[in-house]
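Undergrad: My questions all concern the structure below.
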Amino acid sequence: MKPVATSKVVAILAKYGCVKVHQAGSHQKWRTPGGLSITIKAGAKEQSPGLLRTVQDVLASELRTNWLEKELNR
């Protein structure tokens, strides 16, 4: 995966029904409809490939395997 604009990641999370539940400084905590949560660096212009892989892996049990990668390749 390549770095992706934060605004695009936020749009994808919202598309999948995730909601922002908390923000502390430049970090935002997002929760899925099923209750899983992740934190992204909202103050950053782009999200790193490592963070994107972590988000994809943590939420895969609810949103399916490789869900984020497939969404980014559309």
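Undergrad: Within segment 4-32, how many residues are farther than 23 Å from residue 74 by Cα and not charged (D, E, K, R)? Write out each step before concluding.
TA: Start the filter on segment 4-32 by keeping residues that are farther than 23 Å from residue 74 by Cα, which leaves 20-29, 31.
Then drop every residue that is not not charged (D, E, K, R), which leaves 21-28.
Residues in segment 4-32 being farther than 23 Å from residue 74 by Cα and not charged (D, E, K, R): 8 in total.
Undergrad: Continuing with the same structure: Could you please give the count of residues in segment 48-70 that are under 20 Å from residue 29 (Cβ atoms) and in contact (Cβ under 8 Å) with a residue 12 or more places away in the chain?
TA: Here is the first cut: in segment 48-70, the residues under 20 Å from residue 29 (Cβ atoms) are 48, 50-63, 67-68.
Those left that are additionally in contact (Cβ under 8 Å) with a residue 12 or more places away in the chain: 48, 52-56, 58-59, 61-63, 67-68.
Counting residues in segment 48-70 that are under 20 Å from residue 29 (Cβ atoms) and in contact (Cβ under 8 Å) with a residue 12 or more places away in the chain gives 13.
Undergrad: Give all pairs with beta carbons closer than 8 Å in which a residue from segment 30-41 that is within 17 Å of residue 6 (Cβ to Cβ) meets a residue that is among the charged types (D, E, K, R); count only pairs at least 6 apart in sequence or on separate chains.
TA: Short answer, once both residue conditions are applied: 30/20; 38/29; 39/29.
Undergrad: Hey, can you tell me all the residues within segment 6-39 that are hydrophobic (A, V, I, L, M, F, W, C), touching a helix residue (DSSP H, G or I) at 6+ places or on another chain (Cβ under 9 Å) and under 16 Å from residue 51 (Cβ atoms)? Before the answer, list the steps.
TA: Quick first cut of segment 6-39, residues hydrophobic (A, V, I, L, M, F, W, C) only: 9-14, 18-19, 21, 24, 30, 36, 38.
Next, only the ones that are touching a helix residue (DSSP H, G or I) at 6+ places or on another chain (Cβ under 9 Å) stay: 9, 12-13, 18-19, 30, 36, 38.
Within segment 6-39, 9, 12, 13, 18, 30, 36, 38 qualify.
Undergrad: Here's a follow-up. If you take just the helices (runs of 4 or more DSSP H) that sit entirely in the chain, which of them hold at least 1 residues that are loosely packed, with under 13 Cβ neighbours inside 10 Å, at pLDDT 95 or above and under 11 Å from the mean Cα position of the chain (by Cα)? Walk me through how you get there before you give the answer.
TA: On the way: elements: 6-15, 49-63, 67-72.
By residue number, 6-15.
The values are calculated or read from the model by the stated rules, or taken from the named source; none is laboratory data. Keep in mind that this is a model prediction, so the values were computed, not measured. Counting neighbours? That spans all protein chains shown, and the Cβs are built from the backbone with ideal geometry, glycine included.
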